[in-house]
Each structure stands twice: as C-alpha cells, then as structure tokens.
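Scroll down for the structure; my scribbles are underneath it.
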Amino acid sequence: MKWLNEFKEFISRGNVMDMAVGIIIGGAFTAIVTSLVEKIINPIITLISGGGTVGEGWRFPVGDSGQFIDLGAFISAIINFLLIAFVVFWLVKTVNGIKSKVSTPKEEEAKPTCPACLEEIKEGATRCPHCTAVISTADSTQ
C-alpha cells in the first residue's frame, strides 16, 4: 500500500488543495457568467439584430442540411471568455499586489560611513578601520 501513502502525501499538500478550491470556485463563477450572457446579454444582441426569440437573430442556415451557423452562440462564448478572463486578470493583479506589499523588505537604515573612504563604520567610531582617518562625532552620524 505504498501508493496509498504517496497519494495521501500528494493530496495533503497545500498547493493541491488551493488548486482544488480554485477549480471549484472557477466552475461556480463560470456558471454565473454563462447565465449572465445567456439571460441578459444574448436577448440584447437578439433585440439589436432583429431576431424574434433568443438565438434566432444570428443563425444562418447551411443549405438544405438543417444545420445552422450560429453566430449568436459563438459571440456568447467569446463574451463568456472575455468576462472570465477579465475577472481572473483582476484577481491575479490584486493577489500579486498584496503579495508584493507583504513580502517587500523594509529599507535598511543608513549606516554611518567614513567621510574619507566612504566605507561603512560602526556607530560611535573615532577612527575608520579601513583608512584610519580620524572621524568626528558629526561625521559618524551621516
């Protein structure tokens, strides 16, 4: 049963759980966007194109085959994709912005330097350990 232990280890990793939550939320969000497009945007497109019912506005028959070129469905799919891509873009942008604010290291305080050689010296030093220049107390606070 080594594979069962490996599977448990794999499934318990944080990134797998995050991915699962993302897929579930993505599926739910896709259903919302699909409903928005089918129930609100498609009727507006049909009204503008002069069709009598939803989907008839931009359907064109292909000869006598009984099949149709359904531009309305294609436009709906494009709108679905663009809306979902737009929301995902803003989610990623927001998360990256939050991450950059949290993980940005704070700037270090300016450390005193020797006025002669510009090397770093310890606070309160009277001589530079690099060039042995005499440092006044005013110089070491720079």
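Worth pointing out:
- For the stretch 96-116, the set of residues classified as of a type in the set (A, V, I, L, M), part of a helix (DSSP H, G or I) and at pLDDT 80 or above consists of Ile98 only.
- Among the residues listed as Ile44, Ile79, Ile135, the single one being surrounded by 11 or more Cβ atoms within 10 Å (Cβ to Cβ), within 30 Å of Gly26 (Cβ to Cβ) and either modelled with pLDDT of 75 or more or touching a Leu at 6+ places or on another chain (Cβ under 8 Å) (or both): Ile79
- Within the stretch 11-31, the set of residues being at pLDDT 80 or above, among the hydrophobic types (A, V, I, L, M, F, W, C) and surrounded by fewer than 11 Cβ atoms within 10 Å (Cβ to Cβ) comprises Ile23, Ile24, Ala28, Ala31.
The values are calculated or read from the model by the stated rules, or taken from the named source; none is laboratory data. For clarity, every value in this text was computed on a predicted model and none was experimentally measured. We place every Cβ from the backbone using ideal geometry, glycine too, and count neighbours over all the protein chains shown.
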